[in-house]
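Since the structure comes first, as structure tokens, the remarks are kept for the end.
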Amino acid sequence: MPADLADEFMRRLRAGETLRRFTSGDKRCGPALVTPQRFKKHRQLHPEWGVEAMRLAKINGKAADLLKSVNSAKRKKAQELCLKGLHPMSGDKLMAHKGRRVCLARWRHHAATPPVHSILPVFDQIKDSLRRGVSLGDICQGRPTGGGKIDRSRVLVRANVFYRYRELSPDLAGHGAITSAAASGTRRAEAPPWG
């Protein structure tokens, strides 16, 4: 390896690049700077340079490994406690969701207290639907009021978000149309008091 190439190699190692980027060119890394055999031969011919290059390569390799998802700090933290650090991730406090370990207590908390900001853009549309006699099943689950096939594109808001908003909002709390329809499970609600 020429001296200028060896200097470039060392400069890039000191900048934090990994050995793989220099010796194994691919689409993400670009073309290889040298082949692995050429690097090995240069290390044998220049032992001091080789020791320093391998030391930097090991440090850079460890730093690159920490960025991988398998070694992420969040994953390591969630091995023993949930990400909030409140509950142990073992036994009945643990569940699997989409192939990942999830804290069951946090899952239940978020299901019971969903963010209600998602209902605000469609709130007027929900009121109009209730005025027309559309059922909560149609609004929250896509079940047509008179029966028929479920159409998920008709869903305006998830049911837990709707019920949570009804608990928190003074303009919906206690209104007969929404409360009676939700409590009794009726398909049609009487005219709401705001209409």
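Every number in this text was worked out from the coordinates using simple rules, so none of it is lab data. Nothing here was measured: the structure is a model prediction, and the numbers come from that model. Note that each Cβ is placed from the backbone with ideal geometry, even for glycine, and that neighbours are counted across all protein chains shown.
Residues that are in a loop (DSSP other than H, G, I, E, B) and under 32 Å from the mean Cα position of the chain (by Cα) were ranked within segment 1-23; the one that is surrounded by the fewest Cβ atoms within 10 Å (Cβ to Cβ) is A15. Scan segment 103-149 for residues that are acidic (D, E) and either within 30 Å of G91 (Cβ to Cβ) or out of contact with any Pro (no Cβ under 9 Å at 6 or more places or on another chain) (or both) and the total you get is 2.
Yes/no matrix, rows are residues, columns are (1) touching a residue at least 12 places away in the same chain (Cβ under 8 Å); (2) in contact with a strand residue (DSSP E or B) (Cβ under 6 Å, 6 or more places away or on another chain); (3) surrounded by 15 or more Cβ atoms within 10 Å (Cβ to Cβ):
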{"site": "H97", "(1), (2), (3)": "no, no, no"}
{"site": "L104", "(1), (2), (3)": "yes, yes, yes"}
{"site": "P114", "(1), (2), (3)": "yes, no, yes"}
{"site": "S118", "(1), (2), (3)": "yes, no, no"}
{"site": "C140", "(1), (2), (3)": "yes, no, yes"}
{"site": "S153", "(1), (2), (3)": "no, no, no"}
